[in-house]
Structure formats: structure tokens, C-alpha cells
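Before any comments, here is the structure.
The values are calculated or read from the model by the stated rules, or taken from the named source; none is laboratory data. Here the structure is a predicted model, which means the values were calculated and not measured. Methodologically, a virtual Cβ is constructed for each residue, glycine included, from the backbone with ideal geometry; neighbour enumeration extends over all protein chains shown.
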Amino acid sequence: CNDLLDIDPTSQYSTDTFWSGSDEQYAAALVGVYNSLMSNYLYFNGELEQATPNEISYNSANGTREIALGTALSTSSMFSSCWANSYKGIGRANTFLDYIDDADITDEDTKNQMKGEALFIRALLYSYLVDYFGDVPLILEAPASEQETWPRTAKDEVVEQILSDLDDAASLLPTSYSSSSDIGRATQGAALALKARVLLYNERWAEAATAAKTVIDLGVYDLFPDYRGFYLPDNENNEEVIFDVQYQSPDFLHRRDYECYNLNRWAPLKNLVDLYEMTDGKSIDESELYDPENPYENRDPRLHQTIAIVGYPYNGKTATSSLLYESGYGLKKLTVYTDDETQTISDNNSDLNYIVLRYGEVLLTYAEALNESLSAPNSEVYWAINTIRGRETVEMPELEAGLTKEEMREAIHLERRIELVGEGQFYSDFRRWGTAEELNNGPVYNYLGEVIETRSFNPDRDYLFAVPSSEIDENENLTQNPGW
Amino acid sequence: VYSQSTKLSLDFQGTKISDILMEIENTTDCRFFYQREQVDVDRIVDLKVTEESVGEILDKLFQEQGISYKIMDDNLILLTTNKEQAGTQQTTGNIKGLVTDKTNQPLPGVTVVIKGTSNGTLTDPNGEYHLKNVPSDAVLVFSFIGMKTSEKEIAGQAVLDVTLEEETVGIEEVVAVGYGVQKKVNLTGAVASLSGEELKSRPITQASQSLQGVSGLYVNQAGAQPGFDGTTIRIRGIGTLNSNDPLVLVDGVEYPLDALNPSDIESISVLKDAASASIYGNRAANGVILVTTKKGKSNEKTSIEYGNYFGFQRTIGMPDLITDPVEFMELRNQAQINAGKTSVDYSDDLIEEYKAGRLTDPYTYPNNNWLDIMFDDAPIQNHDLRFSGGSEKATYSLSMGYQDQDGVLMSSGSHRFTLNSNISIQANNWLKVGANVTGIRQYIQAPTAGVYNVMQMTFKAQGFHPTYLEDGRYANTFIKTPGHNVYRHPIVLAKEGHRDREQQRALVSMFAEIKLPANLTYYAKLGVNSYNYFYSEFVPEIEYYQVKTLEASTVDFYTSNRNRHLTTEDDRELNTTLFHTLTWDQTFNDKHKLKLLVGSSYEKFTSGYHIATIEGFLGNDLTELDAGSTNKDVSGDSSANALVGFFGRLNYDFDQKFLFEANLRYDGSSRFADGNRWGWFPSFSTGYRLEQENFMADLPWVSLMKVRASYGSLGNQEIGNFRYINLIDTGIEYSFGGSTNAGAAVTAYNDPSITWETTTISNLGLDAGLFQNKVNFSVEWYKKRTKNILRSVTLASQVGDLTGPVQNIGAVDNTGLEITVGHRNHIGKFSYEVQGSINFNKNKVVDLNDDEIISGKYITKEGYAIDSYYILEADGIFQSQDEIDNSAYQNSTTKPGYLKYVDQNNDGTIDDDDRIIAGDAQPDFTYSFNINLQYRNFALTTFFQGVQGIDTYPQGIVATPFWYGTSVTREWVNNSWTEDRPNAKLPIMTTYELSSSDNFRNSNFWLKDASYLRLKNIQLSYSIPKSILSRVNAKDLTIFVNGQNLLTFSKMKDFDPEKPITSDHYYSYPSVKTFTAGFNLKF
């Protein structure tokens, strides 16, 4: 009778059979690790720009608006989805890394490369966790129930692990892939660029500069000439992209285009728009070119390449305040919409890749890290920053020579904020620079200069996310961050 | 149940004839009728027969005594002496008369016999009898099942009318129990039953409705979507953390209640305690519902029954929303200002424009009430036709049903065809075979975007959201509402495209019953329950036009990832059941009655599906897969699980006084790993019928007095398949360079050591019938402990964000008391019946390894009910800034008028550590009562149901004010805090999205009491007098009017309190009140 009860699953593998299987099964397991990136990037990293005075989202079900206003609670879904989605990918990478060494894969290079890819993704996800939460449980083995009670590990220790994973990954990964069917996989450049970012975020300036320089010296990457164009579907996987999350219709889709155009989410604020320099390289307060009647003329060309403005062309027509109803501005970057062509993208029908690491950021990291590590900026610092400003479609004047370290720091901070707008970095940047409590405390404005809402940033609390209360409910050994 | 054609094997030594007759009565459904003066039943005889019919046995017993027998209708066997009275011939004459019951209803089929002879007749369908050549001094004996036998002297009359009294004592009502039947008076477990009589002519649309009112059952009838039975049935509370649905068996084979035509039900038994249910051990932990479908009767002419009803349904419990567009805009602006926002959504210019515009241009400036637009009274009609009857060797019953029901929500409805046939054949003197086919075919239409979305969008649409342009095209609004930027036109979402389901289910079963030597009976049944459905959803591309600019855009159907597309699904299930039993019964020394049953069962459940999606249609008119072209997507899967069980039962009965029963079951389930698969589930029960004792003879007003006790355990394995193996899912894909790569990942963590969850139930019961059972009373106490509860445990996300394992965790107690009291009587031609029951149940987690499971706003913790609310405690409303400053820190936005939360741990700030356990979603008690009145041919029946002490926590549109651009109920306008209204019931009016971190934090302030008392059913019927019917040869014609859910008493205002028990929103299909009228006709 027992035989009648022996029934095996027909569409799933058991762990016993799977890992003794073929190369294809290992390849699939690695694909499963990459798969976890999709939920992460779309729903949380770019969104965090809304928690800075760069953007506003009227309707943020995920809690960015509450973070911006300083009213968020530890139950915010932004905190829990960030935590859970990161550990989802970490768990899959850990499982893969547990088995790959004993895998029966004949080609050693392939095996090394696969291992490097998984290490990169694990490091990437931990880099977000430490940036947002500080100390987090450091788990490096395949998920097991006993890990459920593990407490948080000191941030420094996690960072050391990230760096070591990235060094390993860099040594195992190729600089590029010859086959087009491998585009999107992690490369040596990706590992090094991430390493530069992590070192920069941790103010390890000299090491960060070195890591960034290594990426630059690889000779693989360059700025894409067209600032608007590097983030358009026609130019996906261009020379500026170091690592991105790949989407592909009809199976891998997101809703960013729909939300930006139809819902005016990611609505840029006047607080940001006013920071774009005039074409003479001066601020709107200082430049003679600034005409309050025509405030959007003669501005840093990146302004119109990034932001849709009432009265200017947008998606084949002239943008109106009822279209850009939230702030009078709309985000063009990270969407498919251009000025002259009309496109209708319905909900959940976008497949534009989400860029995680790009050469422009590496140059900015190099400039900032080097400037901080020196007593005064040298020519390398100028070179890096002016390369960004000198992009073919930007062509902003070079920075004035002879800036002090502090002046250069100001310039780099502004350059970084403008160049990387919308890509989610500013939420990390203004916290590590300590400027968040100043910039996000007070009113934010729409294009007419009217106050939309008043922001609040509590320096005793808001430099870190709350550990999600649902996680503390599950694991009482998790401590909460201060103030939450 | 057996007929008199059943072959019996008997072996009696030195036994009274009366005991032999009683034994025959017990094993067949024959009833003997005789005069003690004529038939000497105290005679002691030896009798040994093998496989002989009742007739043959009677011949052996009585032939030499000059006693003959006559088989009447209803298996009544009349024993009389052969000898004609040879005495002096007296004057004879003809006599006739009418036999009625106390309500003056004619009684057909009453046996009328001249005392001391075998001469007699039966009353005709009009209750009349005629006898010829009756001696003028003769005495007539009138007898009828269920009535007291009456003797009347003719005394020379030519007409003799008689009224028979009901005899309730000794009605041997038989109820279905596991793998057999049992006399109701001999039950030792907790079994509730409903006979066909109680179910008759109630125009219920779903079979589950017939269970309402069964003591100890909680039946929640949520929503009235045609084709979807929103019923939740709970027997004695929530025992497990998994499925709490009882096992439903139709004629012994598992079959869903909602696929059964209510008019095919003959009777229902509900097995509540472990002792009754444990014979179905492996899946009986939540109780068992046994449904018996109608069968034919042997030696009965074909009867034809036709019944129908026609009526309509109307929504109940709909919210009182602000629908005036100008009022809404002003209120919402005010709410935003109240919440501290500096800019508002609707400008003064817009509001002025609207005020002026709506006077002249209702197309651009509409004033729509969307509840009126989307909901309408909906017709329902039902027809049932049945043929039944039988010969001596075969019985049959064939029925067909048709129901056509429109839904109250636009574009919802169902057509249902049902079929039921029961045939049984006595092939020879040892073999009986039979077959049952029950089937349903149903077409269900639902709104294209689905009920949930259309309900949501209907609640979401404001008065200013337009329906049509003047030229009839769909209209789009010109008003932007942040949070509700995209107007999803409810009419389009409901009407355009389609969402259809065609489903059929058939239960085909066959049985064989073989009489073996030595009183052994072997019974085997094979049942196949096959279900499949075809689902087709076509989402069209519909343009709508902005009322001012006429700019066209496409209506968003809320279906993710796809434009115009078709999705079809083919789903199949095949469940096979095979069981066989061997029974043996024997009576020793006249008083010791023993019955043994052993058996085994095997059940296998297989299922599978295909889903296909395609886009690229050229228009909205062709909607087949082949008419599409691009973005094809397919998926499919299949799975199976199986159960094997061995069981045995022993019944012992001493002189009908002491009753004892023991069950043992040994079960295996494929859902557990080899080694953890098998479980033992024993049970015992005993009963003592005090009224049978001699010492009770002094208390003649006690007609029934029985005490019962039982104890036993049951198993539960209702978890997903393969939860004991760690699995790797495929289909976790990713794209590199534009092409999809196959991917795989672990997504769930499983625990290989899981095994049976065990429920142990102790039950004490007392049944009493007083004053000829005019008053009946029953009380049950139970304690149900579920151990090794199988539950999906959440893992901390740091463990790879995996779905947690199913584990055997902890124990839960359900303790309860069920009391039923009834009284029936008649005063002249007026009779009445009052019956009420109340069921208390307390649910408590008793062991959870000192752990607690917190999930959202619910907690499961030792000492509290499962899934209790775990939320902040609100302590009124802040009246001043001063009060805020002197209280624990709430949030930076807190202002006067906001809710004040209690700082439980006194740390000066309100956070998750301040949560308390506050109520749960399980009723403290449920109750029901019916009052039935009858006067002459009129009958009025009512049924009330109530639920007390149940908390619900609704959120979302309607439940929460201005939820993402939506409206607010009138209550907020009248009862929210303002400076002038400091004692208001509700806090200051704010929008949800601006207050989710303060006013709308999860707190007990928002718990709603969903207690209610509802008139579920009221029916007035009139039976056409038999005297009229007999002229058209009809046996019965009853006409009726019926109303369901006509009255509700509840504190809950915004939605029907009888909503899905655990849902925390109002987007489910609304409940309805139904008015119907119809008739039942029988030939």
C-alpha cells in the first residue's frame, strides 16, 4: 500500500537530484540569481530619489513619500521589500556558491566565471543593505533555518566581505563577453566599479580612487556621446554601461514608463531644476544669462535632456500642467519618451534596462575620491570632472582652475547630483555627505514656486532605514536602528 | 435501507417471534402491523434461514398458525388470521370516511382494517376510504406510520371520519453515519441531521444554504455572485491553521456541495465529534457532512415531481457614499488641508466651473451615482423535474434541474443544468448493485476585469466620472485626481470583452452489496469525481474620449503586462475513490446486539491545467487563440496526491439501553515522507437511554432521555503536495542580450519531518424529549484539541526570503457548548413549531513552543485565539496641542483631532512595541431560530441566524476615507472631529494617504463589530386541498412566496456583515435579498 502513496513532483526538481545534474542546471541556477535583481531594482532603488528634494511622488504606496516627509514607520513596505528582496538574491547566490565548487562542469573557465558572477551579485546586494540599514546579518551559506536567529553583523565586517567578494569576482570574471547572448552578465569592470562605489561610500578615498582608476584603465568603457541617448532603448548595452538589469518584452517588463508619463511619478522638483547651471558654468543666481521670464533657456543641456517642463516638447507634444500635474516637471531620463515622437506605453509594458553601474559614475567617483585623498585637486581630478562636463551633447565649460579642495568638493557634489539624477544615487550621496538634514528639511516647490509640501529629515534617525518591524517580529535578535 | 425483497439470513434459537420481527424491522425497512389478540408473537420458536426473503420467513413462522401477511405501501406488512370469522353473519353495510391529521390535512395511504379480520383497505390520495360488507358492530382499526393507531366502532354509521394523532414516540428515524445508517435514537456521537422534509420547498440557490440552522454549524453565506458559492462552513470553530472546511461526501464519495442541486438532497447528516467522524479519519478533523441524494422506492408507481420558482435579487449592505461631485471635491480639499497639505487637488476655479456647468451640460459635468449604474435588481428562475419509483427488484430516481440567475452586478450571471440519477437493482438473492450519476454543467459570466476590480473601480468612480458622450461613445473625465489618475471606466471594465467559465462536474459511482453466509455483508463502492472547466478571458482595446477635448485614450483593464489579449485555461481534476466494507451483525441472548465493520479505502486526486495567452488581435470581435498572433505565452502543470486508509467499527447495544461504539482507523497520506506517513486514529463513544429503564415509567412525560459521551482522535493532512521535499522551482528566468534564459531557484524552505496533525475531541451530550416529544432539548459540550498543527511558518527574510516551511507546531483548543431547544404543538387547526439553537465556541492556542507568529496585524500566541488582532490601542482623539505635547510621541504630523494611541510600554513613543491583542475574527457565539406556523393549508416558516462577537478590520475604498483619490461615506461628514464637534465619534477627516502614518495606523479604533441578526428566510406556502388535486390525479401542489435576507440588524453600516470571514476589504461581490415565488407539483 505504501507504493500507492509514492508520488513524485513532476514540474520541480528536488534539491537532491538538481545539484548532481547537468551544466544546464547550474546555468539555470545562476540565471535564478540574476532573476532576483528585477524585483529589487524596479521597486526600490530608483524610487528612493523621491525621498530626496530631487523628486516627489504624490502617490507612493511603497512609502517613499513618508520617508521624504519624515513620517515613515518601521512598518513601511519600502524597508521590508528592500530587506527581503536583497536577501532573496543573496540566498540564491549563496546556494549557488555552496554547490558550484563541487559541480561537475568540465570547462574550468566557465565554472570560474559562473562563480564570479554569483559573487558579484551577492556583493551588490549587500552593498545596498549596508548603505541603507548599516549593520545587517551577514549570511554566506545556503539558506538554513538556523540562520533565522542570526543577529546583525557590524557594517565594517560586511563591507570587508563585500570587498573580498568583489576582488574574487574581478579575478574570475572576463572583461567582456564575446557572445551577444552573454550581454548583461557581470564583468570584471562591474566588480571593480562596484568596489570603487563601496569604497567611496565608506570614505576609503585612496582605495576608491585606485579602484576607479583600474576601471578607467581597462579601456573597455567610454562616455556615450549623447547624454539623453545613453538611457534610450536603441542604445541599450552601449559603451558607457558597466552593469544593468536586463528587461525584455514580453516576459520581463516593468511599469516605469507608464508611471512617469501617465501618473507623473518621479516628478522632479524646482529645488533640483534651479541647480542646473547656466551654459556659462555659473549658477542661476550668478549668471547674467539667467532670465527669470525664460528660466529654462541657456541652461546646462542636461536639464532638457533629463526633465520634461511645462511649455516644452515632451513625447510629441507640448507638455502642459495638467499632464505634469504634480510639479510641472516630468522625468524623461530612465524612460523611452523623447521630445518629438509620441509613444503610448500601457501599464507594465516597459522593457528598458535599468542601469546599475556606468562609466560616468566611475569618473565622478574617481574625481571625488581623489580630491578627498589629496590636499588640493590635481589635474586627474580636473580631467575626470571635465570629461563628464565635456560630453559631446553636454559641453559645459571646464571647471575654473585653482579650486581649493573644498571648492572642488562643492563642484563635484553638484556635478554628481546633476549627472546622476534619477538613478537613485542621490539618496545615498546626500546622507554620506551629511547634507540630507539641510536639503530635505523644509519646503519643496513646484514649477510655479508654490510649496507642495514641507519635508523633514530627522538627523537622529533618518540616516538609516528602520529594520523592518516584521523582521524583528520574526527574529528577536535583530536590533532596531536609533530613533525608530 | 433495505426493502422487503432483501434476502435475510437469520439464526434464532428459542426466541420470541416478536424479537424476530423486531430484528427484521431493524435490518430492513419493513414495519409489521398486527393485533396481539390474533397473532401470538410471544410464541418461542427456533428459526434458521439463509438468504430468504421476508415473505419466505413469514411463511415459515406463521403458515401453520393460519396467519397470513399482506405487504402494503411503505413496506408495511399486515399480519392477520386467515380464518374468516365463522360466527353468525350479522348485518353488513358499506362504510366510508375521511382520515385527516390534526391540522385537517387528509392522510392518504392509511391502513383501515376491520378488527379481527384481514379485510381492509388504504385511504386514497384524498384521505378517503370505502369498505363494503362491513358488519355493523365491527370495529375499524386505523393505522399509519408516525400516527397513533386508532380504533373506532362503526355502530351502524355509514360515514366514519377519523382524525389521527401524531405518534412521535418510537419514530425510528434513521440517519446516515459513516459507511452505513444508524437509528437516530441509538446514536452515541454528536450527529446533526436534516431530513428531506425539513429541506422541502425552500427555494435555496445553493445546497450549502440548506445547512443554515444546523446546530453547531456556522454557515457564512458571503456574496451572491452567480456561479460562485461564497459559503464558509465551520463545524465547531477553527481547529487548524490550514483548511477548516469540513469533508463533504455525497452518497459516500467526496463531492463539493456547491455542485449539487439542492432539490436532489434527500437528507443531510453532520458528523461533529471524533467518534462519529473518525471512520473517515484521514480528512474528518473539521467534521463530515454526509449528503444522501433522493432514491426511488420499491413497489411504488412512478411519481413525477415538478417544482419551480421565479424571483429577483437586490443588493443589501451597500455603503452610503458621497456621490455629489462638488461636495466630494470640497470635502477632499478640506481633508487635505486638515492633514496639513498646503496645496489641494481641486482648484476653486474647477469647483465653480463644475457648479455652473452641471446645470447645462450633463455630459461634461455629470452627477453620476455609480452604485445605481453598476448594480441592478436581477432575475432568477429555477426548474426541477424528477421521476422516481420502483418495482419489486429495482428502484430508480431521475432528476433534472435548470437554474438561470443574473447577478446584481453588471455582466454577472450563471446558467446551471444539473442531473441526478440513482438506480439500484436486486440482481438475485445475494447480490444488489446500483449506480449513481450526479452531474452539473454551468456557464458563468463575470465582469471582464473581474469582480474584485470592478467592485473596486465602482466604489472608486466619483460623481464627475462620466459614462457616455452625447453620441454614445465612452467618455473619459477631464478632472485629474492624484491617486486616481487613471479613470478605469467601470462599465467598460464590466461589459466589454468577456470573462466566461464553462464548467462541468460529474460524479459517477457504482456499488455492489453481497450477502455472505454467517450474517456477513460485503459492500464495495467505486466513485469517480471528474471536474473540468474552460475559462476564457478576452480583454479588448476600448477607446474612451475626454469629455472636453475628445482626446482618445485606451481604457486600462487593470490586467498587468498585456494589451488586448486572450487568456484561456483548461483545468481538469479527477478524484477516484474506492472503498469496501465487510459487516457482520448478531444478536445474542435477545439483548446483546453486536455489529462489526471492517474496511479499507483508497482515494487518489489528480489535477492539471493548461493556460495560454496571446495578443495581436486585429480587433475586438474575434476572440479565439488562432485569431491572435503575438506574444504567445503558455504554461501548465499537473499534480497528484493519494490517501490509503484501513478502518474498523464495533457497535454494541444492550437491550437498546446501553450503547457503545468503537472506531479505529489507520491512514497513510502521500503528503508526508515515507516513515511519517501513517497515523492511528481511534475513537470511542457510549450512550445510555434512560427512558428505556423501568424506573422511568413513573415519569411518563419523559419520552426520550439519553446521555452520550465520546472521545476520539482524527487526522488532518490538508497542506500542499510535496511540502516534505526541498524543491527547486523552474521558470525563474532572466534575459541576457534580449533572449530568455531558463532559470531555477529554491523559493520555499520545506521540512521533511512533517506528519499528521491530530485533533482529539471529547464530547458529552444529553438529548431529551418531553411530553410526547412536544418539547425537545439537546445539549452538547465538547473540547477539541488539535495537536501538531500543520502550519506554514514564516521565516525571517534573511533566510533567503523563502516561503517558510509547513511544520507541525503547537496545539489549539476549541471548547464549546451547543444547546438546542424546540417545542411544537397544535391548538385546534393551528399548529406551531419553535426551534432555537445557540453555539458557543472558544478558540485558544495552548501551545506554540513559546513562540508567537505575527503576520501583518494578526498574531497567533499562546492563550489567545488564532490570528487575533495585534494592533495599537487608541485612546480617543487629541483635543489640543497641549494634550499632544503631554502625551507619548505619536508622529511629527499629529494634530488636534487625530487619534491618540496608548504608550503601552511607557517609553515615550508609539511604535510596534505598543501593540496589544485586541479581539479576533471568530464569533463568541452563533445562534439561530425558526418559528413555523401552520393553519389549515397555510404554512409560514421563518429562519433567523445571528452571529455575535466577531471583529473585522476592513481597509481600502469605502472603509477608509478618501483612499487614494476615492470618496468618503456620509458618516465621516456628520460624525468626524472638528473644533466645534470635539466629542465626535471619528477623528478629523483626512485623506488616507496623508494619514497612513498617524490616524490610520493599525489600531483597535478601526476594528468593526460584524455581529448581526438576520432573517435569512421567510416563506408562506399554501397546499391545494387534496380533494381538488385528486380530480387531476395530482398528489400534491404547494404554492409559495419566499424572501431571503429581508431583515438585518447590525452595527456594521458600510458593507454587509456576512462578508467573507477573513477578507479585509469591501471588494467582494455584495450580498443580496431575494424575493421568489413558485410552486411544487407532484403526480
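If you check B:ILE838 against the conditions, is it assigned to a strand (DSSP E or B), closer than 25 Å to B:ARG671 by Cα and not acidic (Asp, Glu)? Criteria not met by B:ILE838. The set of residues in the stretch B:484-495 being more than 8 Å from chain A (Cβ to nearest Cβ) and modelled with pLDDT under 90 consists of B:HIS484 alone. The residues in the stretch B:667-714 that are surrounded by fewer than 19 Cβ atoms within 10 Å (Cβ to Cβ) and within 30 Å of A:ILE7 (Cβ to Cβ) can be counted, and the count is 6. Selection of the stretch A:62-86 for residues being at the interface with chain B (Cβ under 8 Å from one of its Cβ atoms), on the phi < 0 side of the Ramachandran plot and not in a helix (DSSP H, G or I) yields A:THR71, A:ALA72, A:LEU73, A:SER74, A:THR75. Could you count how many residues in the stretch A:435-480 are within 12 Å of another protein chain (Cβ to nearest Cβ) and within 30 Å of B:VAL793 (Cα to Cα)? Result for the stretch A:435-480: 14. Counting only residues that are more than 30 Å from B:PHE672 (Cβ to Cβ), within 14 Å of another protein chain (Cβ to nearest Cβ) and of a type in the set (D, E, K, R), the stretch B:606-646 holds 3 of them.
For (1) closer than 26 Å to A:GLY434 by Cβ; (2) part of a loop (DSSP other than H, G, I, E, B), each residue gets a yes or a no:
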{"residue": "A:LEU163", "(1), (2)": "yes, no"}
{"residue": "A:ASP167", "(1), (2)": "no, no"}
{"residue": "A:PRO174", "(1), (2)": "no, yes"}
{"residue": "A:SER178", "(1), (2)": "no, yes"}
{"residue": "A:ARG197", "(1), (2)": "yes, no"}
{"residue": "A:LEU200", "(1), (2)": "yes, no"}
{"residue": "A:ALA206", "(1), (2)": "yes, no"}
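Residues of the stretch A:87-112 that are within 13 Å of chain B (Cβ to nearest Cβ) and either outside any helix (DSSP H, G or I) or touching a Pro at 6+ places or on another chain (Cβ under 8 Å) (or both): A:GLY91, A:ASN94, A:THR95. Residues in the stretch B:425-453 that are more than 22 Å from B:SER530 (Cβ to Cβ) and part of a strand (DSSP E or B): B:ILE425, B:GLN426, B:LEU431, B:LYS432, B:GLN445.
Counting only residues that are under 36 Å from the mean Cα position of the chain (by Cα), among the charged types (D, E, K, R) and either surrounded by 15 or more Cβ atoms within 10 Å (Cβ to Cβ) or within 30 Å of B:TRP680 (Cα to Cα) (or both), the stretch B:602-646 holds 2 of them. For the stretch B:708-738, the tally of residues that are assigned to a loop (DSSP other than H, G, I, E, B) and either closer than 20 Å to B:SER670 by Cα or under 32 Å from the mean Cα position of the chain (by Cα) (or both) stands at 10. Among the candidates B:ARG677, B:ARG671, B:ARG708, the residue that is over 30 Å from B:ALA748 (Cα atoms) and basic (Lys, Arg) is uniquely B:ARG708. Across the stretch B:121-145, the number of residues qualifying as surrounded by fewer than 18 Cβ atoms within 10 Å (Cβ to Cβ), at pLDDT below 80 and among the hydrophobic types (A, V, I, L, M, F, W, C) comes to 1. Tallying residues that are buried (at least 17 other Cβ atoms within 10 Å of the Cβ) and either without any contact (Cβ under 8 Å) to a residue 12 or more places away in the chain or touching a helix residue (DSSP H, G or I) at 6+ places or on another chain (Cβ under 9 Å) (or both) within the stretch B:530-554 yields 4. Look at the stretch B:462-483: where a residue is within 12 Å of chain A (Cβ to nearest Cβ) and farther than 18 Å from B:LEU321 by Cα and a partner is small (Gly, Ala, Ser) and in a loop (DSSP other than H, G, I, E, B), sitting 6+ places away or on another chain with Cβ atoms under 8 Å, you get B:LYS480/A:SER322. The set of residues in the stretch A:153-209 being within 17 Å of B:PHE736 (Cβ to Cβ) and under 16 Å from the mean Cα position of the chain (by Cα) consists of A:GLY184, A:ALA186, A:ALA190. For the stretch A:327-348, filtered to residues that are at the interface with another protein chain (Cβ under 10 Å from one of its Cβ atoms) and in contact with a strand residue (DSSP E or B) (Cβ under 9 Å, 6 or more places away or on another chain), the residue that is farthest from A:TYR34 (Cα to Cα) is A:THR344.
Please report, ordered by residue number, the strands (runs of 3 or more DSSP E) entirely within the stretch B:967-1083 with at least 2 residues that are among the small types (Gly, Ala, Ser) and at pLDDT 90 or above. Show your work before the answer.
Details: elements: B:1012-1023, B:1036-1050, B:1071-1082.
Once the strands (runs of 3 or more DSSP E) in the stretch B:967-1083 are filtered for at least 2 residues that are among the small types (Gly, Ala, Ser) and at pLDDT 90 or above, what remains is B:1036-1050, B:1071-1082.
Yes or no: the stretch B:271-280 includes at least one residue that is part of a loop (DSSP other than H, G, I, E, B) and not assigned by TED's automatic domain parsing to the domain that holds B:CYS30. Let's see the steps before the verdict.
Step one: filter the stretch B:271-280 for residues part of a loop (DSSP other than H, G, I, E, B), giving B:272-273.
Retained after the next criterion (residues that are not assigned by TED's automatic domain parsing to the domain that holds B:CYS30): B:272-273.
Among the residues of the stretch B:271-280, at least one is part of a loop (DSSP other than H, G, I, E, B) and not assigned by TED's automatic domain parsing to the domain that holds B:CYS30, which makes the answer yes.
Scanning the stretch A:110-127 for residues that are in contact with a strand residue (DSSP E or B) (Cβ under 9 Å, 6 or more places away or on another chain) and of a type in the set (Ser, Thr, Tyr) returns a single hit, A:TYR126.
Name the residues in the stretch B:332-352 that are of a type in the set (A, V, I, L, M, F, W, C), surrounded by fewer than 20 Cβ atoms within 10 Å (Cβ to Cβ) and not in a loop (DSSP other than H, G, I, E, B), would you?
Kept after step one, since they are of a type in the set (A, V, I, L, M, F, W, C), are these residues of the stretch B:332-352: B:335, B:337, B:339, B:344, B:350-351.
Filter once more, so that each one left must be surrounded by fewer than 20 Cβ atoms within 10 Å (Cβ to Cβ): B:337, B:344, B:350-351.
B:ILE337, B:LEU350, B:ILE351, listed by residue number.
Reported count of residues in the stretch B:739-784, each being assigned to a strand (DSSP E or B) and more than 14 Å from every other protein chain (Cβ to nearest Cβ), is 24.
Being loosely packed, with under 15 Cβ neighbours inside 10 Å and outside any loop (DSSP other than H, G, I, E, B) is the filter; apply it to the stretch B:871-900 and report the residue that is nearest to the other protein chains (Cβ to nearest Cβ). Across the stretch B:871-900, the extreme among qualifying residues is B:TYR889.
Exactly one residue out of B:SER797, B:SER831 is within 14 Å of chain A (Cβ to nearest Cβ) and either over 30 Å from A:ALA142 (Cβ atoms) or not in a strand (DSSP E or B) (or both), and it is B:SER797.
Residues of the stretch A:265-317 being in a strand (DSSP E or B) and either farther than 23 Å from A:TYR337 by Cβ or in contact with a Pro (Cβ under 7 Å, 6 or more places away or on another chain) (or both), which ones? Spell out the reasoning first.
Applying the first criterion (in a strand (DSSP E or B)) to the stretch A:265-317 yields A:267-268, A:278, A:299, A:307-309, A:313-314, A:317.
Once the filter is applied, which keeps residues that are in a strand (DSSP E or B) and either farther than 23 Å from A:TYR337 by Cβ or in contact with a Pro (Cβ under 7 Å, 6 or more places away or on another chain) (or both), the stretch A:265-317 yields A:MET278, A:ILE307.
Restricted to the stretch B:1014-1029, and to residues there that are under 28 Å from the mean Cα position of the chain (by Cα) and of a type outside the set (Gly, Ala, Ser), the residue that is farthest from B:ILE931 (Cα to Cα) is B:TYR1022. B:SER792 falls short on exactly one of the conditions (1) more than 30 Å from B:PHE658 (Cα to Cα); (2) surrounded by fewer than 21 Cβ atoms within 10 Å (Cβ to Cβ); (3) more than 14 Å from every other protein chain (Cβ to nearest Cβ), and that condition is (3). Being surrounded by fewer than 17 Cβ atoms within 10 Å (Cβ to Cβ) and either without any contact (Cβ under 8 Å) to a residue 40 or more places away in the chain or within 14 Å of chain A (Cβ to nearest Cβ) (or both) is a property that B:ASN983 has.
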